[in-house]
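Heads up, the thing below is written out as structure tokens.
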Amino acid sequence: MTEIIGKELADELIAYRHYFHENPELSNQEFKTTAKIKEILKNWGIKLIPTGLKTGVLAEIGRESGPILGLRGDIDALPIQEETDEPFKSVNPGVMHACGHDTHIVSLLGAAYLLKQRESELQGKVRLIFQLSEEANEGALQVINDGQVQGLDAILGFHNASNYPVGYVGLKVGITSGAIDKFKVTLTGVGSHASAPQNGTDPIVALGAEISAIQTIVSRNIDPLKGGVVSITHVESGNTWNILPEIAFFEGTVRTADKEIRKRIKNRFIDIVKLTARAHGVTAAIDWYTGDPSVNNDQFLTNIVRDESSKFTTVYEMTPQLGSDDFACYQETIPGVYANIGNGRNVGHHNPHFTADDDTVLYGTEFFEKNSIRILRELSKDKS
Ligand code: NI
């Protein structure tokens with residue numbers, strides 16, 4: 001690899017990676033990060049796009065006619081105290097790039113530099129999306145609501161991946177991550193003395209029935225070959241041994257990899273919770289929070305990226321998992337590819353000992369640059 005990058009640019013990019021890693025900022029507070037990205041892009045003569053966003057950066061390279069490809073890199077860090085021995089470890093107490101988004105920022109910067117050098121050859125335009133607030137699961141929505149993905153014909157992004165050699169590219173057509181929903185339920189009965197339950201309506205017995213009934217959704221209501229999960233993770237009620245309380249509370253999450261199953265689980269959940277509550281004479285207040293959909297890779301584009309990436313690195317089949325990335329929100333309306341790129345280290349994400357090999361940013365640069373040129377070429381064929 002790196003024949004297109006060269007030592008001087010590689011050194012510059014790795015120095016930027018160390019800067020961003022050393023100066024991590026939490027979701028929606030990426031002010032210095034934003035300023036630094038803008039400064040670098042301006043130095044390279046790259047056009048910034050005005051936005052209504054508080055943080056994050058949008059920029060464009062290419063010609064006015066032809067397809068537009070979005071390139072997305074997320075820029076935020078996590079509320080974790082870094083415990084690595086890296087010479088460029090975080091200087092911000094309690095904040096750390098423990099998901100490696102510093103490598104995403106710099107990969108996108110590196111690609112921006114290279115694409116700018118070849119601007120006149122591009123068969124369309126790339127829109128660089130340095131996205132805020134991925135960790136809070138709502139940065140993509142902010143970018144979308146600000147109108148910044150209008151007109152995009154395709155979108156490309158990646159996440160660095162632990163436990164893979166540096167630069168290996170993971171790809172998979174279709175769903176690769178879970179859709180996330182969250183629920184909170186409050187059951188309200190009538191409190192009474194523990195010795196005289198007939199004088200009240202016990203929400204704890206109702207809660208027990210709810211827990212069992214909810215477990216029938218996955219086992220009885222959805223296709224066993226498709227799957228999904230409903231997990232109750234927190235229950236709370238009462239505060240002493242001789243009083244039947246008035247309220248019982250539980251919350252949890254639903255993870256699915258299929259839109260129809262996602263709907264089905266929600267509908268069954270609401271029916272079961274309401275009717276079970278009714279059977280026990282208590283009322284149920286349900287708060288349902290719809291989270292990110294699944295990452296869902298477009299077949300045509302994934303095949304292009306697989307072919308192009310295999311020219312400079314090893315490509316492997318990505319294993320689907322039920323974690324999430326708000327990149328999925330873009331893919332609701334724009335065909336896209338979300339890849340993994342090995343970071344050459346073996347510590348999991350969101351861990352205080354997390355690290356990524358510096359060369360991740362060189363492979364990330366090449367990944368964005370080469371695939372951008374190829375995708376724009378393929379899409380412009382498609383359009384003509
Ligand atoms: Ni991440």
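The values are calculated or read from the model by the stated rules, or taken from the named source; none is laboratory data. Keep in mind that this is a model prediction, so the values were computed, not measured. Every residue, glycine among them, receives a Cβ derived from its backbone with ideal geometry; neighbour counts consider all protein chains shown. Remember, those area values only see protein heavy atoms, side chains included, never the ligands or the DNA or RNA. Shrake-Rupley method; radii C 1.70, N 1.55, O 1.52, S 1.80 Å.
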Just to be sure before I move on: is residue 233 surrounded by 13 or more Cβ atoms within 10 Å (Cβ to Cβ), polar (S, T, N, Q) and in contact with a strand residue (DSSP E or B) (Cβ under 6 Å, 6 or more places away or on another chain) in the structure I sent?
no
Checking residue 108 against (1) assigned to a loop (DSSP other than H, G, I, E, B); (2) open to solvent by less than 20 Å² (accessible area, probe 1.4 Å); (3) within 15 Å of the ligand (Cβ to nearest atom), which single condition isn't satisfied?
(1)
Unmet criterion (only one of (1) within 16 Å of the ligand (Cβ to nearest atom); (2) at pLDDT 95 or above; (3) buried (at least 20 other Cβ atoms within 10 Å of the Cβ); (4) of a type in the set (Ser, Thr, Tyr)) for residue 201
(1)
Flagged in the stretch 135-146 as surrounded by fewer than 24 Cβ atoms within 10 Å (Cβ to Cβ), touching a residue at least 12 places away in the same chain (Cβ under 8 Å) and not hydrophobic (A, V, I, L, M, F, W, C), in numbering order, are 135, 137, 138, 142, 146
So, of the residues in the stretch 71-97 that are out of contact with any helix residue (DSSP H, G or I) (no Cβ under 7 Å at 6 or more places or on another chain) and not in a loop (DSSP other than H, G, I, E, B), which turns out to be farthest from the ligand (Cβ to nearest atom)?
96
Looking at the stretch 164-185, which of the residues that are at pLDDT 95 or above and within 16 Å of the ligand (Cβ to nearest atom) is least open to solvent (accessible area, probe 1.4 Å)?
170
Considering only the stretch 27-48, how many residues are within 18 Å of residue 76 (Cα to Cα), open to solvent by 10 Å² or more (accessible area, probe 1.4 Å) and not hydroxyl-bearing (Ser, Thr, Tyr)?
8
Just wondering, is there one or more residues in the stretch 320-331 that are open to solvent by 70 Å² or more (accessible area, probe 1.4 Å) and under 30 Å from residue 273 (Cα atoms)?
yes
Selection over the stretch 1-25 where residues are closer than 17 Å to residue 57 by Cβ and open to solvent by 30 Å² or more (accessible area, probe 1.4 Å) yields a count of 2
Checking residue 177 against (1) within 30 Å of residue 331 (Cβ to Cβ); (2) part of a loop (DSSP other than H, G, I, E, B); (3) out of contact with any Gly (no Cβ under 7 Å at 6 or more places or on another chain), which single condition isn't satisfied?
(3)
Selected residue (criterion: surrounded by the most Cβ atoms within 10 Å (Cβ to Cβ)) from residues of the stretch 186-197 that are assigned to a loop (DSSP other than H, G, I, E, B) and either in contact (Cβ under 8 Å) with a residue 12 or more places away in the chain or basic (Lys, Arg) (or both):
189
Single condition residue 155 does not satisfy, out of (1) assigned to a helix (DSSP H, G or I); (2) more than 16 Å from the ligand (Cβ to nearest atom); (3) within 30 Å of residue 303 (Cα to Cα)
(1)
